[in-house]
Amino acid sequence: MPDADAFRALARSSPERWTTLRFTERRRRGWAWSEPVRAWLRRPDLLRVEDATGRVHVLREVGADHDPMWQDYRWVAELRPVELADGLAPDTGELAAGTAVEVDGLREVEHAGRPAWEALVVPTDRYEPRCGCCPLLRSRRVDELEWGGVPEGVEYPSAHLVRLDVATGVCVWAEALDGTYAGGTHDLRIEAVDEPMGEELFSRPRQQGAIG
């Protein structure tokens with residue numbers, strides 16, 4: 001059975017575990033799901049997304065220090081969930097003493113037919129998301145740093161249910177279990193890892209307003 005240190009190591013290991021990924025992703029706010037999008041990602045800089053309308057978007061992020069982003073940085077955090085592993089000092093952004101999250105109830109499960117590790121996770125005061133406006137884990141401290149305060153009456157989750165895909169290190173699920181944001185999560189379903197992806201897959205559609 002894996003332990004908390006192994007869970008954190010898996011969360012930081014995505015950059016070394018895969019080069020291409022094909023998957024679908026959707027999100028839930030409260031209890032309402034968004035329409036899924038389908039994606040093909042070839043590291044370091046190419047992403048193709050087919051949105052719910054069937055429109056194709058091709059993104060190229062040459063020179064970026066992260067995977068290509070679709071709509072917000074939570075997407076990047078799902079693919080590289082290092083924010084679940086290492087604490088950062090908010091004033092410098094450098095690694096700091098202490099862990100980013102407390103991990104409890106770790107167990108082996110399946111997600112979309114693939115082996116995953118699932119745990120109850122609580123952010124510590126060292127938790128520093130990839131972007132404060134769209135973290136994997138909602139917390140009062142992060143919102144106060146990002147927005148200068150929190151809305152009246154907001155209740156923050158006491159814990160989150162998180163799943164990491166064992167083969168890739170990708171965060172495939174991160175659900176707020178209670179409070180104002182209860183039920184909020186994403187569902188990332190991996191279809192293929194390290195399959196060949198040629199340049200033609202990332203050709204910009206001529207009449208579909210590709211983003212790039």
### Message
Rounded to two decimal places and with Rh computed the Kirkwood way over Cα pairs, what is Rg over Rh for the chain?
### Response
0.96
### Query
Carbon and sulfur together cover what percent of the accessible area of the chain at a 1.4 Å probe radius?
48
### Message
Over region 112-177, with the other protein chains present, what is the accessible area per residue in square angstrom, probe 1.4 angstrom?
### Response
42
## Note on the structure
Across all Cα atoms of region 100-212, Rg and the largest Cα-Cα distance (Dmax), in Å, are 17.6, 51
### Query
Starting at 0 and stepping by 5 Å, how many percent of the alpha carbon pairs of region 161-205 end up in each bin?
5, 17, 18, 14, 14, 12, 9, 6, 4, 0
#### Entry: Karplus (6.51, -1.76, 1.60) ³J(HN,Hα), θ = phi - 60°, over region 180-188, in Hz, Gly and Pro reported as x
4, 9, 3, x, x, 6, 10, 10, 9
### Summary
Probe 1.4 Å, heavy atoms of protein chains only: per residue, the accessible area of region 1-79 in Å² is 49
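The values are calculated or read from the model by the stated rules, or taken from the named source; none is laboratory data. The structure presented is a predicted model; accordingly, all values stated were derived computationally and were not measured. Accessible surface areas use protein heavy atoms only, side chains included; no ligands, DNA or RNA. Shrake-Rupley method; radii C 1.70, N 1.55, O 1.52, S 1.80 Å.
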